[in-house]
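Only one structure is covered here, and it is reproduced in the block below.
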Amino acid sequence: MPLIALQGVRGGVGTTSLCAGLGWALTALGERVLLIDGSPVSQLGVHFNLPAQQESGWMQALCDDEAWQHAALRYPNGPDLLPHGVLSHQHALTIAHQNETVAAPLLQALPDLQARYQWIIFDLPADPLPWHDLLYPELDGVLCVTQPDANCHLRLNQRHFPARTRFIINQFNANSRLQQDLHQLWMASLTELIPLLIHRDEALAESLMMKQPVGEYRPHALVSEEIITLANWLLLNLDGVRP
């Protein structure tokens with residue numbers, strides 16, 4: 001079953017909101033989905049009505065030598081969720097600079113989780129952490145979320161991306177000549193660019209304030225329909241990794 005990650009080319013491109021929306025969309029299409037928050041910021045759960053300072057989580061449990069399974073949550077009519085959990089300063093330093101094996105118990109359990117879920121999706125921060133080196137080889141694909149602006153364009157040319165990375169444009173503004181030009185340039189130069197656009201839509205920002213995935217909050221909004229299209233594209237193009 002597909003095991004993928006969403007990771008922004010930089011912060012602020014809407015990766016976490018897109019991840020929440022994609023998990024909801026795949027569930028709406030009848031798939032069994034587990035979302036795993038891989039970011040120390042721990043914001044994915046806010047899209048599923050969790051507190052902004054969600055203390056319990058899988059990473060917090062592992063840092064305290066506890067069972068990560070106890071952090072799992074089920075969202076009504078939506079995906080299952082493993083929140084990251086807010087970490088102490090010392091634990092955050094350990095994860096950022098020292099111990100790449102801290103996530104090993106969860107990563108070792110991924111084959112068992114894949115037997116239960118049709119999709120497992122990690123929400124990863126833009127800046128890689130040491131434990132990501134153990135995750136990347138296990139992934140069937142990485143969706144690198146980008147936005148048509150100069151900063152993202154520079155990073156696309158400067159950064160090394162993991163194998164099996166595909167690129168998705170988020171927050172596209174059709175009224176911007178710069179974004180139109182960058183879109184055309186990327187279509188010609190990014191061979192793994194997904195041929196879909198996720199437009200800038202106020203419904204996405206509103207959904208976070210309402211603590212819901214956008215597909216639940218505004219199912220007929222443009223961005224909700226585009227995320228459903230992305231989910232269908234992934235079903236078609238990652239179908240080959242299913243056993």
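So the values come out like this:
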{"item": "Inter-site label distance for residue 163 and residue 108 at 7 Å from Cα along Cβ, in nm", "result": "2.4"}
{"item": "Accessible area per residue in Å² at 1.4 Å probe, computed on region 141-227", "result": "53"}
{"item": "Accessible area (Å², per residue) of region 1-56, counting only protein heavy atoms and a probe of 1.4 Å", "result": "30"}
{"item": "Two-site label geometry, residue 202 and residue 53: point separation in nm, points 7 Å out along Cα→Cβ", "result": "3.2"}
{"item": "The chain: relative contact order as a whole-number percent, Cα under 8 Å and 6+ apart", "result": "28"}
{"item": "GNM result for the chain, Cα springs below 10 Å: residue of 34, 62, 18 fluctuating most strongly", "result": "62"}
{"item": "Mean ellipticity per residue at 222 nm, deg cm²/dmol - from DSSP H runs of n ≥ 4 across the chain, formula -39500 (n - 2.57)", "result": "-10500 deg cm²/dmol"}
{"item": "Accessible area of the chain belonging to carbon and sulfur atoms, whole % at 1.4 Å probe", "result": "51"}
{"item": "Net charge dipole size for region 1-88 [Lys, Arg +1 and Asp, Glu -1 on Cβ; Debye, nearest 20]", "result": "340"}
{"item": "The chain - charge dipole about Cα centre, Lys and Arg +1 at Cβ, Asp and Glu -1, debye rounded to 20", "result": "440"}
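The values are calculated or read from the model by the stated rules, or taken from the named source; none is laboratory data. The structure presented is a predicted model; accordingly, all values stated were derived computationally and were not measured. In this analysis, Cβ positions are derived from the backbone assuming ideal geometry, glycine residues included, and neighbour counts consider all displayed protein chains. Please note that ligands, DNA and RNA were not included when accessible areas were found on the heavy atoms of the full protein model with its side chains. Shrake-Rupley method; radii C 1.70, N 1.55, O 1.52, S 1.80 Å.
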